[in-house]
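Engineer: Pasting in a structure now, in structure tokens, and then I'll have a few things to ask.
The values are calculated or read from the model by the stated rules, or taken from the named source; none is laboratory data. Model, not experiment: these values are computed from the prediction. Cβ coordinates were reconstructed from backbone atoms using ideal geometry, including for glycine residues, and neighbour counts include every protein chain displayed. For the accessible areas, the whole protein counts, side chains as well, though only heavy atoms, and no ligand, DNA or RNA atoms are used. Shrake-Rupley method; radii C 1.70, N 1.55, O 1.52, S 1.80 Å.
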Amino acid sequence: MSKETVRLVYLGRLADLNGPIVVSPGPLANLTLPDGVVGPRVRLALNGVLVAAQGLVLADGDELAFLPPVSGG
């Protein structure tokens with residue numbers, strides 16, 4: 001029997017600081033995340049859909065992407 005897993009993916013400048021990691025399913029609030037990946041300007045996408053972090057529970061097979069703020073110029 002395979003272990004349940006959730007894949008965390010960091011995009012943009014966050015990818016420079018962190019590589020993809022695999023964690024166990026459960027509440028996002030229970031995870032210890034690397035510095036700089038959580039904040040009011042970082043957006044989250046669960047399986048390709050933007051979501052709020054508050055109350056988020058990750059299930060087996062989910063992929064949670066951390067998207068940094070985009071700046072233009």
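Engineer: What's the magnitude of the charge dipole for the chain around its Cα centre, counting Lys and Arg as +1 and Asp and Glu as -1 at the beta-carbon? Answer in Debye, nearest 20.
Structural biologist: 180 debye
Engineer: Moving on to the next point. How many Å² of accessible area per residue for the chain, probe 1.4 Å?
Structural biologist: Averaged over the residues of the chain, the accessible area is 68 Å².
Engineer: Hey, any idea what % of the chain's accessible area is carbon plus sulfur with a 1.4 Å probe?
Structural biologist: On the chain, the fraction of accessible area on carbon and sulfur atoms equals 54 percent.
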